[in-house]
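The values are calculated or read from the model by the stated rules, or taken from the named source; none is laboratory data. Everything quoted here is computed from the prediction, not taken from an experiment. Positions of Cβ are generated from backbone atoms using ideal geometry, with glycine treated the same way; all protein chains shown enter the neighbour counts.
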Amino acid sequence: MDIAHRAGFGPPPASVYVDRLTAEGDGQRPTVVMLHGGGHTGSCYLITADGRPGWAYRFAARGYPVMTADWPGHGRSGAVDLRSLTGEAVCAGLAAMVKSLASPVVLVTHSMGGALGWRVAELCGEQVVAIAGIAPGPPGNIQDEPELVSETPGELVVRTPQRTVVLRDEGANIATHAFVTDKLIGASRQFPQDCLDAYAGMLTHTSSRLLYERQNVRGSQVRVQHPEAFAGKPILVVTGSDDLDHPRALDEGVAEWFAGHGAVTRFVWLPELGIDGNGHMLMMESNSDVVADVVINWLDQVTGEGMASPS
């Protein structure tokens, strides 16, 4: 199937670079907007670690227009003052991009992008018809504050139940080799280890302030202001068996919190579907197509498409 690709930018208040993929004959389905996590750009949905077409192509081939976006101030969206860029500002920029689209939207978010995506969905109201969080960060409403281990003017050390994190006030934080191997890949049995160096080379910076917020230091994580806005909204949360920072109870708790506010949630623990060994970067691992189809099949159901999986 031929898939058309074009690039562009979202509207003010923040520059948001987007790639748009469409397949011949689409246009009746909601647009899938994919939001990346920390250290990445929208390209993590365009190509896998071992060079295969990424999730964006998989979704487009199933008839969904796809837009992958780079956060404001990150990747190809252009430089801003990262020391003053807040999570709320990033969410406002992404929400403006979503609102500029003519169609209903499904958000597919990952990791730190999940924490932002809950707020983006709230800001966009009924235009967002469903949300799929892939190992998503929780909203600040339910994220515990970390233990403060030490603090100097330029460095903060905090401890979460999963790990000890060093936060440096550098404006732009670059992913270290340890971050790649310990956090992004971790215990994954599905990540192609011979592609590790190439994958690490594609990573980019993340705002130090956003990383501070992501750890919910002093309650700074982006929060959902009106949880009741999610009543009736389909939400999928997907988690792999070997994601060190996303134990089952943590991500299942996110789904349960939204369900408690009326959302129609489904939590997928991949081993229960016979999909085993996945770490944090599910869209880039060797079985990425299998995981993508879990999300697409759910999306077909909640949007009434009911398409069969391709053979």
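Taking strands (runs of 3 or more DSSP E) that do not extend beyond region 205-311, which have at least 3 residues that are surrounded by 22 or more Cβ atoms within 10 Å (Cβ to Cβ)?
On the way: elements: 205-207, 234-239, 264-269.
Because the criterion is at least 3 residues that are surrounded by 22 or more Cβ atoms within 10 Å (Cβ to Cβ), the strands (runs of 3 or more DSSP E) in region 205-311 that meet it are 234-239.
On the basis of being surrounded by fewer than 19 Cβ atoms within 10 Å (Cβ to Cβ), of a type in the set (Ser, Thr, Tyr) and over 12 Å from Gly10 (Cα atoms), does Ser84 make the cut?
So Ser84 passes the test.
Does Asp197 fit the bill of being loosely packed, with under 14 Cβ neighbours inside 10 Å and part of a helix (DSSP H, G or I)? Before you say what the answer is, go through the steps one by one.
Values: loosely packed, with under 14 Cβ neighbours inside 10 Å: yes; part of a helix (DSSP H, G or I): yes.
Yes: the conditions hold for Asp197.
Looking at His5, His36, which is the one that is of a type outside the set (Lys, Arg), surrounded by fewer than 24 Cβ atoms within 10 Å (Cβ to Cβ) and modelled with pLDDT of 90 or more?
Numbers: His36 fails: surrounded by fewer than 24 Cβ atoms within 10 Å (Cβ to Cβ).
Of the residues listed, the single one that is of a type outside the set (Lys, Arg), surrounded by fewer than 24 Cβ atoms within 10 Å (Cβ to Cβ) and modelled with pLDDT of 90 or more is His5.
Show the residue pairs that are 6+ apart or on different chains and have beta-carbon atoms under 6 Å apart, the first residue being within region 257-269 and in contact (Cβ under 8 Å) with a residue 40 or more places away in the chain, the second being among the β-branched types (Val, Ile, Thr) and part of a helix (DSSP H, G or I).
Qualifying pairs under 6 Å: Trp257/Ile142.
Go through region 261-295 and give me each residue that's β-branched (Val, Ile, Thr) and more than 16 Å from Arg248 (Cα to Cα).
Val264, Val290, Val291, Val294, Val295
Pairs, please: C-beta under 6 Å, at least 6 apart or cross-chain, first residue more than 18 Å from His36 (Cα to Cα) and in region 163-189, second at pLDDT 90 or above and part of a strand (DSSP E or B)?
Listed by first residue and then by second, the contacts come to Val165/Val158; Val166/Val157; Leu167/Leu156; Arg168/Glu155.
For region 123-140, give me each residue that is out of contact with any Leu (no Cβ under 9 Å at 6 or more places or on another chain) and either surrounded by 22 or more Cβ atoms within 10 Å (Cβ to Cβ) or among the small types (Gly, Ala, Ser) (or both).
Gly125, Pro136, Pro139, Gly140
Hey, can you tell me all the residues within region 97-122 that are under 24 Å from Ser208 (Cβ atoms) and of a type outside the set (S, T, N, Q)?
Met97, His110, Met112, Gly113, Gly114, Ala115, Leu116, Gly117, Trp118, Arg119, Val120
Among the residues of region 138-149, is there at least one that is within 30 Å of Asp300 (Cβ to Cβ) and without any contact (Cβ under 8 Å) to a residue 60 or more places away in the chain?
no
Restrict the check to region 173-181 and report whether at least one residue is more than 21 Å from Glu272 (Cα to Cα), of a type in the set (Val, Ile, Thr), surrounded by fewer than 18 Cβ atoms within 10 Å (Cβ to Cβ) and in contact with a Leu (Cβ under 9 Å, 6 or more places away or on another chain).
There is at least one residue in region 173-181 that is more than 21 Å from Glu272 (Cα to Cα), of a type in the set (Val, Ile, Thr), surrounded by fewer than 18 Cβ atoms within 10 Å (Cβ to Cβ) and in contact with a Leu (Cβ under 9 Å, 6 or more places away or on another chain).
Within region 189-197, identify whether any single residue is within 18 Å of the chain's Cα centre (by Cα) and farther than 17 Å from Cys44 by Cα, and answer yes or no.
Looking through region 189-197, none of the residues is within 18 Å of the chain's Cα centre (by Cα) and farther than 17 Å from Cys44 by Cα.
Between Ala96, Ala79, Ala49, Ala89, which is free of Cβ contacts under 8 Å to residues at least 12 places away in the same chain, small (Gly, Ala, Ser) and out of contact with any strand residue (DSSP E or B) (no Cβ under 9 Å at 6 or more places or on another chain)?
Matching residue, one of Ala96, Ala79, Ala49, Ala89: Ala79.
Please go through region 217-251 and pick out each residue that is touching a Gly at 6+ places or on another chain (Cβ under 6 Å) and modelled with pLDDT under 95.
The one that is touching a Gly at 6+ places or on another chain (Cβ under 6 Å) and modelled with pLDDT under 95: Leu244.
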